[in-house]
Every structure is written in structure tokens, then in C-alpha cells.
Amino acid sequence: MKILFVHPGPLLYTNVFLRLEPLGLELVAEAARRARHSVRLLDLQVESHADYHRMIAEWQPDFIAFSCNYLANVPEIVDLAKATKLSLPRSFICVGGHSASFTAQAILEHGEGAIDCVLKGEGEAAIVKLLEAVAGDRSAITKVPGAVTFDGEGPRPAFVEHLDDIRPARDLVRKRHKYFIGVLDPCASIEFSRGCPWDCSFCSAWTFYGRSYRLLSPERVIEDLASFRERGAFIVDDVAFIQQRHGFAIGEAIARKGIRKEFYLETRGDVLLRNKEVFQFWKKIGLTYMFLGIEALDEDGLRKFRKRIPLGRNFEALEFARSFGIGVAINIIADPDWDEDRFRVVREWCMNVPEVVNISINTPYPGTETWITEQRRLQTRDYRLFDIQHAVLPTKLPLAAFYRELLSTQRVLYRKHMAWWTAPMVAGVLARNLVRGRTNFIRSIMNYSKVYNVEKMLADHAQPVHYELPLPPRSATDERQAKSSQLYIHAPRGRAGRSIDDSTERFVEATRMGAST
Ligand code: B12
Ligand code: SF4
């Protein structure tokens, strides 16, 4: 069959700070290619809807597979599916990915028949079975693990057996030079591990993977690193280097092979402090930037997000990162009940730390515990506003005043950001990039005021809404379910599902508060 894999367009965030290779979709596409299908991939972060419609008209794929990791992309995907079904009525349209897995039934309903199937969970194994069923016995579609259709639902999604066996179809993206993060331009994405053993209440990374945690072998990572030319490498793991041993094994293999890259990763403050040596070692082999999820500036806030890291430890982690010269970015979650005073305190704090600070807005997402337990009524159910840059919960300040405060805080941070990026060391890199025609980052920072302004944010809220997210469940039973396995996409396998040593398992237990498996 001819199969077209499609990544939807950019969100607010992507237009300014970074734009990354669609690694998950490449992995699913490669699985289909290995099953001898003819495969193409279109990334609408860097190509247009006109390119999409042209490809549909000229190539006439039999099967179109959309990747829906982000809730805010749902309307775009549904509209593309409807338009495609009109021009290619015999094509089979499937949607997969992180957010699609948690909203499968709603996506089918929005599609009004244009979307044939939502495929939940990891796509590599399931896609091959789905393609077999579509090409052969269509009544078998509802037996495919993870498949959800109007005719029924298959069994729970199955895990990829060995992560070392899968490969991303990196050659299929047509504009690789467009992916970047800050001065890592261009930048590819790579996976060292999958899943997360913690269970923060605002996050769906753990509910998606059944609180499992699996590793790629150092040999496989080296092979993958050697397969792309970009010097920048974004490590997509939820929490990098949870285990010192794995981090060292990969790092030492990189050093032995003489691979020279610049790396960006995300981790937790307590992991950084526990595994200091491994991060210091990685600094020597190219770790350049790190993202630390601090989330809140007070103990109460951290408890609310169930990140049981005492604030002191978080600040200690920042100190440590500073001490060995890594560029650190941190995230603070603004709550819609913040008032002018609270914003002022945050602004002052942010200006006093050397790190790049990013502010996002507390947003309950399907698949998280807060989606069910959050008692405040949603102000909007417009998918497009669920991008953690818009307020979807009621704000204490009038909405315009809230955005004014938020954006003025972000503007202060942006100026600081600019000062950081234009600091002599970084400015040198920027200048070299410009000489080499690498303009992604420069262009993106020019976009800042176009993207972030109060009028635009308010206009986003005023757009006509064609598709609404179903309401979160409200009863006491539903709240109890928030603690049960109902939230999981992949079935939890308990301790056996986590490739971590006992001492790391104990460390995870000590730093989490949940009672789930
Ligand atoms: C890396 C990452 C990013 C990268 C982007 C990577 C990229 N190119 O897409 C960056 C830093 C840019 C990013 C930004 C944001 N992210 Co982010 N991100 C992640 C993260 C940690 C890993 C994603 C990843 O690459 N995983 C590895 C690959 C291999 O897996 P995958 O993409 O999920 O693909 C697998 C399956 O989903 C499935 N699949 C995917 N596509 C398809 C298609 C088909 C047809 C099928 C069948 C299957 C399938 O199969 C794949 C292989 O197994 C996830 C958390 C997580 N663990 O999933 C959050 C996550 C997806 N991000 C999230 C959010 C909120 C954001 C932001 C809005 C804000 C933020 N937190 O930074 C921005 C917005 C980005 C934007 N598009 O503008 C949320 C999504 C919430 C939601 N419901 O929408 C997540 C789930 C984290 C969380 N729990 O809060 N993110
Ligand atoms: S540590 Fe918490 S926030 Fe980070 S990925 Fe794991 S569960 Fe999500």
C-alpha cells in the first residue's frame, strides 16, 4: 500500500523557541516500510497545507496516518482528514500518538466518518497489524491492539518488544535543516530511554507508558548517533540519566568512537544531584544545554504538582548545574489564580537567577490525574487553546489582565533570554551559524512579538469553536478512577516494567507521592 505519514503544523511554542524532528512518526513510518509498504512522510511544521493537498492529489495514498501528540493539533487533523476523505474517498485514515490515545473516541466523533481508526499507544508494532487488516480482512481491524473504530475497540496496546530493534526513517523528512533548538541549529532528535517511573499529577508521560521505563543499549544509541549529520542532538527522554550506569555506558561509548555532537536534555533536579558525575562527564563530551522542570517556586506548588523534591534541593540542583557551566533553562508553571503580586514576585525571582526561565500555564490534560481531580470548571474546551500558553481554567484576574501580567513577565524573560543568547560566547555561535546559512533561530526570535501579544491571545479565545474537548468526568467514582489503572494506555507491569536497578527504584519511590502501581 502507499502510505503517507503526516505530522501536523506548529503550535505557538514551535514558532519561537524550537522546532524538532518528528521522531515518533519516523519510527512508525520505518516499521511500515520494513513491512514492504511504500512510505512517505510530510511534516507540516515545515511544509504547508498546500504541499499536503498537492501530495494527496498527485500520489493518491491508500492510507494516511496522522501523528497527534499534542491536543492543540486535534482540530487541524480532523479538518485535514475531512478534506482528504472528500478528494480520496477510498483512502483509509488513521490517527495515532500521545494525545490521540487519550481522546480516541472524541476524535472519531469529530471526524464524522472521515477518520477510520485511532491507533492508541506505541505505533511501531500496531501499525503493521493494522495495515495487514486494512489490506486484507477489514473485520480484523477491531482485533488490532490499540485500534479504536466506530465498530469496536481492539485489546490494550502492546509494547515494542525490544527498543533496539526499531529504527527511525530519518531519510523521509524532506527538510531536515529546519529542525533546531536555540543555537543547536540544525538539530536532530534521539531517544536513549522510553517512559518515566515517576507519576506527577499534571503529566501524562507515565500514564501513557503504564509507568514503565525501558532502555536502548549503548550500541544502538551509537549506531543512531552515527546515522545523522546534524551536530545538535535533542535527547527526547522524559528524564535523562535516571541511572548513572546507563548514562556512563552511552557516554563512554561516544567518547571511544570519537563522536562529536552537542546535546540538549531534560531531567529532574533530584536526578541531577544524585548522578552528578554522569552529568559532569557528559559536559566533557558535548552536553551543552539542559532543561530542568522546577515547576513551582514554593513548597505548596510543588506538592500540588506532586513533584516531591524539596524546594531547597531544586535550588541546589540549579547551583550545581551553574557550577559546571551548562546552559540551563527552567520552567515555572503559572496558575490561573495568580494575581499582580504573584507575577511580580516571580518576575523578580526570575531576573535574579542566571538561567533562562520559561513560563507555562497550568493546564489539565486528558490522561493526567489533574484532568479528573481539578475542581475548577474549564473556561473553554477549544482544543487549540490547550497548549500551555493559553489559560483554559478560570483566571482570578480578568483574562486580559492575566495575559497582560503573563506577557509582561514573559517579555522581561525574553529580554533576559536575548541577553543570554547574545552573550559573547553564544553570539559567536550565532554568528557562525549565520555565516553557514543556519537562520532558524534568528528567524524564530524575530517572531516573538508577532506571536506573543495580548490582543492575539484574546483573539484566540474569541475564535469560533468547531470541535470541543469532552468534559472531564466529575463524579466521586471518577475521581477514584484517577488513582486506578483506568488512566493507563499501556498496561502497567509494575516493577518488572522498569529497567532500573533496585537502588534507583528505591530512589524513585522516595521521591514520588503516588500510590499507583
Ligand atoms: C520531546 C517532547 C517535546 C519536544 C518535541 C518533540 C517533537 N518533535 O515532537 C518539544 C520540546 C518541542 C516539546 C514541546 C512541547 N510539548 Co512535549 N513532549 C515531548 C516528550 C517528552 C517526548 C515526545 C517524544 O519525542 N517521544 C519519543 C517518541 C519516540 O515518541 P512519540 O513521539 O510519543 O511517538 C510514539 C507514540 O506517540 C506513537 N505515535 C506517534 N505518532 C504516531 C502516529 C501514528 C499514526 C501512530 C499509529 C502512532 C504514533 O508511536 C510513536 C512510537 O512509539 C513528550 C512526553 C512523552 N513521553 O511522550 C512531551 C509531550 C508530548 N509534550 C507535551 C507538551 C504539553 C508540550 C508543549 C505544549 C509544552 C511543553 N511541555 O514543553 C510543547 C509544544 C510543542 C509544539 N508542538 O509546539 C505534552 C502533551 C500534552 C498534550 N496532551 O498535548 C507531553 C505528553 C508531555 C506531558 N505529559 O506534559 N515536547
Ligand atoms: S518526572 Fe513527572 S513530569 Fe517528568 S516525565 Fe515523569 S511523571 Fe512527567
message = Regarding segment 100-120, can at least one residue be identified that is closer than 26 Å to residue 44 by Cβ and touching a His at 6+ places or on another chain (Cβ under 6 Å)?
response = no
key: So residue 251, is it more than 16 Å from ligand 2 (Cβ to nearest atom) and more than 22 Å from the chain's Cα centre (by Cα)   = yes
Residue list for segment 111-125, restricted to those being in contact with a Lys or Arg (Cβ under 9 Å, 6 or more places away or on another chain), open to solvent by 10 Å² or more (accessible area, probe 1.4 Å) and not acidic (Asp, Glu) = 113, 120
remark   = If you go through 11, 41, the only one that is in contact (Cβ under 8 Å) with a residue 60 or more places away in the chain, within 11 Å of ligand 1 (Cβ to nearest atom), outside any helix (DSSP H, G or I) and open to solvent by less than 10 Å² (accessible area, probe 1.4 Å) is 41
inquiry  = Looking for something at pLDDT below 95 and either more than 23 Å from residue 207 (Cα to Cα) or open to solvent by 10 Å² or more (accessible area, probe 1.4 Å) (or both) - is there at least one such residue anywhere in segment 62-79?
reply    = no
Test result for residue 185, more than 12 Å from ligand 1 (Cβ to nearest atom) and either touching a His at 6+ places or on another chain (Cβ under 7 Å) or open to solvent by less than 30 Å² (accessible area, probe 1.4 Å) (or both) = yes
note = Scanning segment 250-275 for residues that are farther than 30 Å from residue 315 by Cβ and not charged (D, E, K, R), the one farthest from ligand 1 (Cβ to nearest atom) turns out to be 258
message = Contact list please: Cβ distance under 9 Å, first residue in segment 466-489 and acidic (Asp, Glu) and modelled with pLDDT of 60 or more, second residue open to solvent by 50 Å² or more (accessible area, probe 1.4 Å) and outside any helix (DSSP H, G or I), pairs at least six apart or on different chains.
response = 468/381
ask   = Wholly within segment 95-136, which helices (runs of 4 or more DSSP H) include no fewer than the required count, namely at least 3 residues that are closer than 15 Å to residue 149 by Cα, of a type in the set (A, V, I, L, M) and away from ligand 1 (no atom under 11 Å from the Cβ)?
value = 104-111
Members of segment 361-394 that are among the polar types (S, T, N, Q) and surrounded by 15 or more Cβ atoms within 10 Å (Cβ to Cβ) = 362, 363, 368, 370, 379, 380, 389
ask   = Restricting attention to segment 206-236, which residues are under 19 Å from residue 158 (Cβ atoms) and open to solvent by less than 20 Å² (accessible area, probe 1.4 Å)?
value = 206, 207, 208, 210, 211, 212, 213, 216
request  = State yes or no: is residue 255 of a type in the set (A, V, I, L, M) and assigned to a helix (DSSP H, G or I)?
outcome  = yes
inquiry  = Residue under question is residue 163, and the condition is that it be touching a residue at least 12 places away in the same chain (Cβ under 8 Å), closer than 25 Å to residue 100 by Cα, crowded, with 18+ Cβ neighbours inside 10 Å and away from ligand 1 (no atom under 13 Å from the Cβ); does it hold?
reply    = no
message = I'd like to know if segment 355-362 contains one or more residues that are in a loop (DSSP other than H, G, I, E, B), within 16 Å of ligand 2 (Cβ to nearest atom) and touching a strand residue (DSSP E or B) at 6+ places or on another chain (Cβ under 9 Å).
response = yes
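For every residue, the table says whether it meets (1) within 24 Å of the chain's Cα centre (by Cα); (2) modelled with pLDDT under 90; (3) among the acidic types (Asp, Glu).
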residue	(1), (2), (3)
261	yes, no, no
280	no, no, no
295	yes, yes, yes
300	no, yes, yes
308	yes, yes, no
314	yes, yes, no
320	no, no, no
ask   = Residues in segment 339-356: is at least one surrounded by fewer than 19 Cβ atoms within 10 Å (Cβ to Cβ), over 20 Å from residue 199 (Cα atoms) and within 21 Å of the chain's Cα centre (by Cα)?
value = no
message = If a residue must be more than 16 Å from ligand 2 (Cβ to nearest atom) and not aromatic (Phe, Trp, Tyr), how many such residues does segment 169-214 contain?
response = 20
request  = Take residue 99 and decide whether it is touching a helix residue (DSSP H, G or I) at 6+ places or on another chain (Cβ under 8 Å) and open to solvent by less than 20 Å² (accessible area, probe 1.4 Å).
outcome  = yes
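The values are calculated or read from the model by the stated rules, or taken from the named source; none is laboratory data. What you see is a predicted model; the values in this text were computed from it and never measured. FYI the Cβ positions are ideal-geometry reconstructions off the backbone, even for glycines, and counts take in every protein chain you see. Heavy atoms of the whole protein, side chains included, go into the accessibility calculation; ligands, DNA and RNA do not. Shrake-Rupley method; radii C 1.70, N 1.55, O 1.52, S 1.80 Å.
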